[in-house]
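Asker: To start, I am sharing the structure in question, which I have written as structure tokens.
What follows is calculated from the coordinates using simple rules that are stated; it is not laboratory data. Everything numeric in this text was worked out from a predicted model, so none of it was measured. Virtual Cβ from ideal backbone geometry, glycine too; neighbours counted across all protein chains shown.
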Amino acid sequence: MKFIYMLCFIILVVFMLIILGCCRSDISVGYRFTLAVPSDYSEGFNGKAYLMETDQMPLNFRTAMSVDAIDGRYACSLQVFLGNVEVWSSGHVSKFFTSDACVLEFTKMGDLRLIGMNEQIGWRTATSEQGVEKLLLLDTGNLVLVDAQDNIKWQTFNFPTNILLLGQRLSVATHLTSSPTNNFSKSFFSFEIHHDKVALYLNSGSNNKYSYWEYHPSKSRNITYIELASKGLELFDDKFRNFSQILSPYQQQVRFLALNNDTGNLGFYYYSPYKDKFETSFQALNTTCDLPLACSPYGICTFSKTCSCIRLLTRGRDSSKGGCNAGKTAGHLCSKDEVEMLELKDAGTLLKNATSMSNFSKTQCADSCLDDCECGAALYSSRTRECMYFDVVRGVKQVNRGSGLSYLVKVSKGSFGKHKKSGLRKWVLVLVLVADGMVLFLVCGGLGYFMVWKRKKRLSDGNCSS
């Protein structure tokens, strides 16, 4: 039944596109397009209507209206594709959920927007009364709104997602961000430009930001912006001079740079005509243990480049079968009666830029984390006496012995059986003491009985001789 419904939906979309003119070169003000939304929810449903496309071959850019099934609802968005790869979406950060219909409206005042039921506005360009007359898709993949003189009033290049296209620039005022893996996730990755470096960050739900990869140019110049070129990423100074590069080791032309939504890795991608798909030519992180979310929460990446649950936190659970945990979530508990710190020697984390304190002892570091409701773990260095605090238990990895590093994890009390073991020791101690007491009593009693018996025998022998 679902197959039949989806088939009817596709036929309806194709019919509408034929009537309205499929893949136009431009769209003028007054345009309105409606994409039907299924009445029943179907997991994995994805309906698209392509509206515009460019002329490059073999791969070109296309603009599409899309309806996607997400978390039990349907999300409506305007998208740009390079081949089959989504390179921009109006719903990248914030999803617009609707029912019955998804409408793209280009008002006569020049505002491009998505509308749902009862004229509810889910997304807009906010370009009313700016002289906007057309919507164009350029050969660069940049979707733009222009006036009568072709001056750009709005463009997708100013609102990057997790993709940087060939020829697209990124300044210190903008950055790439990953799309949340689900609608309830509060953590995301970002690729950001600073005056002295470009870096990858894990942004947690408590507004904390931890870097896990950084590139510092060899020349001491301030970075003003970066631009993706055919051979890799180029860095420019305030005089618009290219002074540093991150190059692709392959000869093929780089088509886009992407921040992976799931792993947080950064890569260059080229098109392989032999495989008819995009392939990776460069990755910032090449080993499993260098990825911030390679292991599940409360998991540790070992020297064998595999994930394992932090010892003693669980009882025989495999991190590949449901993840690791610490009983209750201890990272946001405030009562010291409910939590304690577990020390992992010769363990560290690849997360950097955390809040830190100097001249601390290990005990002070652990106590300080216990006092902080938001602290989930702390990294302590016995060499530098530095203590760093984290609100997430991620990016944990095994390090060489003698490093002086200890990873201190906040866990709920009793989550790893410590108290039961101590109780067992007490029972063993009692049994040992009782057994020793009985042996000592028998020995002393036997010795006393022997001495009394010997004395009586001596007296008896004396009486007989007299």
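Asker: Whole-Hz Karplus ³J(HN,Hα) for the range 122-137, in order, using 6.51 cos²θ - 1.76 cosθ + 1.60 and θ = phi - 60°, x for Gly and Pro?
Answerer: Running phi through 6.51 cos²θ - 1.76 cosθ + 1.60 with θ = phi - 60° gives x, 6, 7, 8, 6, 10, 5, 6, 10, x, 5, 10, 9, 10, 10, 10 Hz.
Asker: Please give me the summed charge of the neighbours of Y225: other residues whose Cβ is under 11 Å from its Cβ, Lys and Arg +1, Asp and Glu -1.
Answerer: -3
Asker: Another question about this same structure. Tell me which residues come under 5 Å, amide H to amide H, from A294 once H is placed; ignore anything under 5 positions away on its chain.
Answerer: G395
Asker: Please give the net charge around E129, taking every other residue with its beta carbon less than 11 angstrom from that of E129, where Lys and Arg add +1 and Asp and Glu add -1. Provide the component values of the computation, followed by the final result.
Answerer: Details: positive: K108, K153; negative: D111.
After counting each charged neighbour, the total is +1.
Asker: Quick check on the range 97-159: what does the Kirkwood estimate of hydrodynamic radius come out to from the alpha carbon pairs, in Å?
Answerer: Values: mean 1/r = 0.0806 Å⁻¹.
For the range 97-159, the Kirkwood estimate is 12.4 Å.
Asker: Under a Cβ-Cβ cut-off of 11 Å, what is the net charge of the residues other than V37 that fall near it, where Lys and Arg count +1 and Asp and Glu count -1?
Answerer: Numbers: positive: R73; negative: D40, D68, D100.
So the environment of V37 carries a net charge of -2.
Asker: ³J(HN,Hα) across the range 357-373 via Karplus (A = 6.51, B = -1.76, C = 1.60, θ = phi - 60°), whole Hz, x for Gly/Pro?
Answerer: So the J values, rounded to whole Hz, are 10, 9, 6, 10, 8, 5, 5, 5, 5, 5, 5, 5, 5, 4, 6, 9, 4.
Asker: Would you mind putting 272-280, 299-307 in packing order, based on average other-beta-carbon counts within 10 Å, highest first? Don't jump to the answer; show the numbers that get you there.
Answerer: Working: 272-280: 11.7, 299-307: 17.2.
Most protected by this proxy first, the peptides run 299-307, 272-280.
Asker: Sort S382, S308 so the one with the fewest other Cβ atoms within 10 Å of its own Cβ comes first. Spell out each step's value before the answer.
Answerer: Working: S382 13, S308 16.
Arranged by neighbour count, lowest to highest, S382, S308 become S382, S308.
Asker: Could you go through the range 45-53 in sequence order and give the Karplus-derived ³J(HN,Hα) for each residue, using 6.51 cos²θ - 1.76 cosθ + 1.60 with θ = phi - 60°, rounded to whole Hz, and x for Gly and Pro?
Answerer: 5, 8, x, 10, 9, 7, 9, 9, 8
Asker: Hey, fewest Cβ within 10 Å first, where do K95, K336, K413 land in order?
Answerer: Details: K95 22, K336 11, K413 17.
Result, fewest neighbours first: K336, K413, K95.
Asker: Here's another thing I want to ask about it. Tell me which residues come under 5 Å, amide H to amide H, from H175 once H is placed; ignore anything under 5 positions away on its chain.
Answerer: none
Asker: Give a quick list of trypsin sites (Lys or Arg not before Pro) in the range 135-228 that DSSP marks as loop, anything other than H, G, I, E or B, with at most 10 other Cβ atoms within 10 Å. Before the final figure, lay out each step's value.
Answerer: On the way: sites: K153, R169, K186, K197, K209, K219, R221; in loops: K186, K197, K219, R221.
Of the trypsin sites (Lys or Arg not before Pro), the ones in loops of the range 135-228 whose Cβ has at most 10 other Cβ atoms within 10 Å are K186, K219.
Asker: Is the range 43-201 best put as rounded, prolate or oblate by its Cα gyration tensor, with a ≥ b ≥ c the root eigenvalues, rounded for a/c under 1.5, and otherwise prolate when a/b is larger than b/c, oblate when not? Walk me through the numbers before you get to the answer.
Answerer: On the way: a/c = 1.43, a/b = 1.05, b/c = 1.36.
Here the range 43-201 falls in the rounded category.
Asker: Amide H neighbours of V339 under 5 Å, counting only residues 5+ apart in sequence or on other chains, H built in-plane at 1.01 Å?
Answerer: Result for V339 returns K413.
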